[in-house]
1. Show that you can apply the helix-only estimate: for the chain, add -39,500 (n - 2.57) for every DSSP H stretch of four or more residues, divide by all residues, and state [θ] at 222 nm to the nearest 500.
2. Using alpha carbons only, how many degrees (0 to 90, rounded to 10) separate the axis of helix 44-70 from the longest principal axis of the chain?
3. How far is it, in nm, from the label point at residue 6 to the one at residue 30 when both lie 7 Å from their Cα along the line to the Cβ?
4. Hey, in the GNM for the chain with a 10 angstrom Cα cutoff, which one of 33, 25, 56 fluctuates hardest?
5. Please give the contour-minus-distance gain from residue 53 to residue 92: 0.36 nm per residue of separation, less the Cα-Cα distance, rounded to one decimal in nm.
6. Apply the a/c threshold of 1.5 to the C-alpha gyration tensor of region 8-104 and tell me whether it is rounded, prolate or oblate.
7. Relative to the longest principal axis of the C-alpha atoms of the chain, give the angle of the C-alpha long axis of helix 8-35, reported between 0 and 90° and rounded to the nearest 10°.
8. Rounded, prolate or oblate: which one fits region 1-46, using the alpha carbon gyration tensor with axes a ≥ b ≥ c (rounded when a/c is under 1.5, else prolate when a/b beats b/c, else oblate)?
């Protein structure tokens, strides 16, 4: 049995989530670059985040190709590369180990 792929609304949702995750990973990558040397063993975590961002981008490009093959009449470039206001927000704890008072990346506390 051949699988048909995702419905177009699911492609849209996945594109928003992956874009939001990429934004957060990029923010964390920059934080590591500012906090640790860019060479040597202490640079390893930042380099691995860079690899993760590149892998995420490769998946988004492959999924963009898939959405155009599966839904040519409605697919748009913005499905997997949406503008900032259409990206999912990654919510992080306000304090380490805290689940109350979560803060969206770059936002105010959610209560």
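Values quoted throughout were computed directly from the atomic coordinates according to the rules given, and no laboratory measurement underlies them. Since the model is a prediction, treat every value here as computed from it, not as a measurement. Cβ atoms come from the backbone with ideal geometry, glycine included; neighbour counts cover every protein chain shown.
1. On the way: 2 runs with 55 residues, N = 111.
Result for the chain: -17500 deg cm²/dmol, rounded to the nearest 500.
2. Once rounded, one gets 10 degrees.
3. Modelled inter-label distance: 2.6 nm.
4. 33
5. Working: separation 39, 0.36 × 39 = 14.04 nm, distance 1.86 nm.
Gain in length upon complete extension: 12.2 nm.
6. Working: a/c = 3.38, a/b = 1.56, b/c = 2.16.
Judged from the Cα gyration tensor, region 8-104 comes out oblate (a/c at least 1.5, b/c at or above a/b).
7. 20 degrees
8. Details: a/c = 8.92, a/b = 2.68, b/c = 3.32.
Note, shape of region 1-46 comes out oblate.
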